[in-house]
Amino acid sequence: MHSLPVFLRLEGRAVILTGQGEAADAKRRLLERAGARIVGEDDADARVAIVSDGDAAVVARLRARGVLVNATDKPDLCDFTLPAIVDRDPVLIAIGTGGASAGLAAALRQRIEALLPSGLGDLARALFAARGRLRDLWPDTGARRQAIGKALAPGGAIDPLGFDPDVDVWLAENPEADNSELYLVRLTSADPDDLSVRDARMLALADRVYHDASVAPAILDRARADAERIAADGPPERLETGLSLWLSSAAR
């Protein structure tokens with residue numbers, strides 16, 4: 001990755017904003033939505049700055065003080081870039097291109113906006129409120145992750161793109177998840193874009209990924225960052241709790 005995507009909590013924090021005009025106004029609105037306290041270049045408390053006119057001299061002065069800087073339309077001067085945002089509070093989707101094309105990021109945001117229902121934030125809050133009940137039903141972390149993943153999957157009980165997903169109704173039905181499951185994926189290429197929709201979804205849900213030596217790193221990168229990667233000559237003989245995958249090339 002060219003950058004590490006992060007979400008900064010700016011409520012009440014000082015953020016420098018310099019420059020005038022339309023670009024500065026847009027950045028001001030964005031910072032105000034995040035609750036930032038907008039200050040000038042000389043504020044000593046600020047650790048983040050947006051230079052809306054891309055002034056290289058201002059960027060140099062701020063960087064010399066250890067301030068992280070975004071310079072509008074100057075990706076080479078940026079310590080961080082500002083993504084296009086889909087806001088379904090508390091769900092935020094950020095789309096970045098590393099400064100390569102703001103237009104592409106905006107076009108993707110528009111597509112995603114049309115896909116995601118306005119009530120997605122309500123679903124997130126309901127899942128947060130149900131954490132205790134979820135732990136009671138599935139004390140094991142892997143089993144709990146698997147159960148939630150199945151319920152949120154396309155056609156699942158609380159599919160976020162489905163009709164009126166209701167966490168209370170789902171849990172009232174006393175759902176049960178398998179303690180363990182093994183899913184087999186036979187790869188046809190080293191390109192992750194060739195994965196089927198189901199294979200890609202299962203790879204993203206897996207607690208551990210068993211794979212032979214021929215599996216490309218680009219495929220393994222599609223698994224969760226905290227999923228265990230295990231090089232093996234074949235599928236596991238004994239399954240642990242949660243969802244496991246066996247990845248192999250078509251040649252094996």
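No lab work stands behind these numbers, since they all come straight from the coordinates. These figures come from a predicted structure and were not determined experimentally. Because the Cβ atoms are built from the backbone with ideal geometry, glycine has one as well, and the counts that use them run over all protein chains shown.
In region 180-249, Cα pairs under 8 Å separated by at least six residues give a relative contact order of 50 percent. Computed over region 120-172, the percent of Cα pairs more than 15 Å apart is 41.
For the chain, the Cα-based Rg and Dmax, in that order, read 22.4, 65 Å. Here r is the Cβ-Cβ distance between residue 230 and residue 140 and R0 is 22 Å; the resulting FRET efficiency, rounded to 0.05, is 0.70. Each residue of region 66-74 was assigned a 3J(HN,Hα) from its phi angle through the Karplus expression (A = 6.51, B = -1.76, C = 1.60, θ = phi - 60°), giving x, 7, 7, 10, 10, 10, 4, 6, 10 Hz with x at Gly and Pro. Two numbers describe the Cα atoms of region 47-173: Rg and Dmax, which are 20.4, 62 Å. What is the local net charge at residue 236, summed over the other residues whose Cβ is closer than 15 Å to its Cβ (Lys, Arg +1; Asp, Glu -1)? Summing Lys and Arg as +1 and Asp and Glu as -1 gives -4.
Relative contact order for region 54-167: 15 percent, from Cα pairs under 8 Å spaced at least 6 residues apart, divided by residue count.
When +1 charges are put on Lys and Arg Cβ atoms and -1 charges on Asp and Glu Cβ atoms, the dipole computed for region 1-82 relative to its Cα centre reaches about 300 debye.
Here the chain is assigned +1 on the Cβ of each Lys and Arg and -1 on the Cβ of each Asp and Glu. Its dipole about the Cα centre then comes out at about 360 debye. Length gained on full extension, residue 76 to residue 8, computed as 0.36 nm times the residue gap minus the Cα-Cα distance: 22.3 nm. Annotation: peptides 145-152, 98-105, 48-55, ranked by per-residue average of other Cβ atoms within 10 Å with the highest first, follow the order 48-55, 145-152, 98-105. Placing a label point 7 Å from the Cα of residue 87 along the Cα-to-Cβ direction, the residues of region 14-54 whose backbone N falls under 16 Å from that point are 25-38. Taking 165, 83, 192 as the candidate residues, the one with maximal mean-square fluctuation in a Gaussian network model of the chain, Cα springs under 10 Å, is 192.
Within region 141-176, name every residue whose backbone N is under 13 Å away from a label modeled 7 Å from Cα of residue 115 along the Cβ vector. What the label zone holds, given the 13 Å backbone N cut-off, is 154, 160-162.
Taking the DSSP bridge list for region 1-129 and keeping only pairs wholly inside it, about 35 percent are antiparallel.
Antiparallel beta bridges, as assigned by DSSP with both residues in the chain, represent about 15 percent of the total such bridges.
Taking 0.36 nm per residue of separation and subtracting the current Cα-Cα distance, fully stretching the chain between residue 32 and residue 200 would add 56.7 nm.
Projecting the Cα atoms of 31, 115, 152 onto the charge dipole of the chain (Cβ charges, centred on the Cα centre) puts 31 farthest toward the positive pole. Charged neighbours of residue 205, selected by a Cβ distance under 9 Å, balance to +3 (K, R count +1; D, E count -1). Region 87-102 and region 191-217 have Cα centres separated by 25 Å. Simple spin-label estimate for residue 20 and residue 166 gives 5.7 nm between the two label positions (7 Å along the Cα-to-Cβ direction from each Cα).
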